[in-house]
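What follows is a single structure, written as structure tokens, with notes after it.
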């Protein structure tokens, strides 16, 4: 029987959003480069919508940002402001009808929305729309958000957004395009990141991560606060506290562990610096006698540096990652599939042979990749392999926008640490404890750790599922 191996056992990368108001600039090209900087957050689809104050235009498709856009189709996207999206599916499968932005015509003019996050009351909201006779074309909660906002009452978009936000429960960081301008909106729990900055050339931009804003030349960058609605303008930002922030907040810990680029700022903290501190905490909590510390590229590199520095064990490269493989649509043959992760990783035998190796990784989700990775190290001559993980065991699925699957898929939900250690073939295995992880982050509260604890910050509909609406959409 042939073993089927997922070539990437990492959590789904959520989504990336960008919004730009820059009347004197090529906003489509700016949005393209910002999305390119956010490509790590989703590789399934990409899109850009623009508006010139009257007419809105859109281009979106499945694939990488560089595959969806060309100089020719970007030239057709002319306007004063733009929003963009790069997608990893969380609610709704990876098909074109679920690609974003969603663009519709309303009684107030064109409306387009890009969404990062996941609503936990989508079923109820969807039923409400259907009972009103509103048609739905996709299986995405982001379309539900768009249609609800299109039907909202109010004298301005700020007012319509403010009156609709209380109905949305869960994670939503939005950029909204209208003929009046672009709005950046963040849920009152603060689950997902969203920042705004001033463009040096004039105007403002918003994006999921600060690294994307710096890519397009932003300065004076700050995070959108939970519950805020910010209208991007050419001068000062227009800020509305539409909902009071929930206390305590529920920021996603996994942004620090894995999702965000290391050169981004999340919750006012350097992601790279926190990942190094995670490694330091691991070295203090789970020391071991060894000859070399190696990371599983790329998100674990800072943690491995921190572990090596604290433990005094030399740091070196062990895995070489093929960074261009991306998400391939070509299925490998059986013989290639048996090689497991060899399509994505190779090893440097001279750094591993006859060595006691400490491997630093960010997480174990389904447990399908760690085993093949450690086998590569054994085959390269490592005499001992000690696996260290920079977060606690993931025992519960995420309902706020991370594709952690179901409880049955999560290896730590139904196996002990000792059983996982045997399953992946490590000599020793240690997951960082929750208190040590939060000490590395620098805050004891204010973060959502439901995937580690099973304690969600808000009630979740029991039937919530990633593809729960697919059967009703042909």
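Laboratory data are not the source of any read-out in this text; all were calculated from the coordinates shown. Predicted model only: the values in this text are computed from it and were never measured. Positions of Cβ are backbone-derived with ideal geometry, glycine not excepted, and every protein chain shown enters the neighbour counts.
Brief remarks on what is shown
- The shape of segment 270-453 comes out oblate: with a ≥ b ≥ c from the C-alpha gyration tensor, a/c is at least 1.5 while a/b does not beat b/c.
- Length-normalised contact order of segment 148-283 in % [C-alpha pairs under 8 Å, at least 6 apart]: 20 percent
- Secondary structure note: in segment 270-453, about 15% of the DSSP beta bridges are antiparallel.
- For the chain, the longest principal axis of the Cα atoms and the long axis of helix 271-285 meet at an angle of about 30 degrees.
- Against the chain, whose longest principal axis comes from its Cα atoms, helix 141-150 is set at around 20 degrees.
- Residue-averaged 222 nm ellipticity for the chain, from DSSP H runs of 4+ at -39500 (n - 2.57), nearest 500: -6500 deg cm²/dmol
- In plain terms, the chain from residue 459 to residue 180 could stretch by 96.9 nm, reckoned as 0.36 nm per residue minus the Cα-Cα distance.
- Segment residue 285-residue 433, extension gain: residue separation times 0.36 nm, minus the distance between their alpha carbons: 52.4 nm
- For residue 273 and residue 155, the difference between the fully extended length at 0.36 nm per residue and the C-alpha to C-alpha distance is 38.0 nm.
- Label-point separation, residue 417 to residue 321 (7 Å along Cα→Cβ), nm: 2.5 nm
- Of the labelled figures (1) 39, 23, 22; (2) 61, 29, 21; (3) 34, 26, 20, only one reflects semi-axes √(5λ) of the Cα gyration tensor in Å as derived from the coordinates, namely (1).
- Prolate/oblate/rounded label for segment 99-183 (Cα gyration tensor, a/c 1.5): rounded
- Whether segment 15-250 is rounded, prolate or oblate, judged on the alpha carbon gyration tensor where a/c under 1.5 counts as rounded: rounded
- Residue 97 paired with residue 239, simple spin-label distance in nm, labels 7 Å along Cα-to-beta-carbon: 4.2 nm
- Axis of helix 27-37 versus longest Cα principal axis of the chain: the two differ by about 20°, to the nearest ten degrees.
- Each of 81, 315, 88, 172 has some number of other Cβ atoms within 10 Å of its Cβ, and from fewest to most they run 315, 88, 172, 81.
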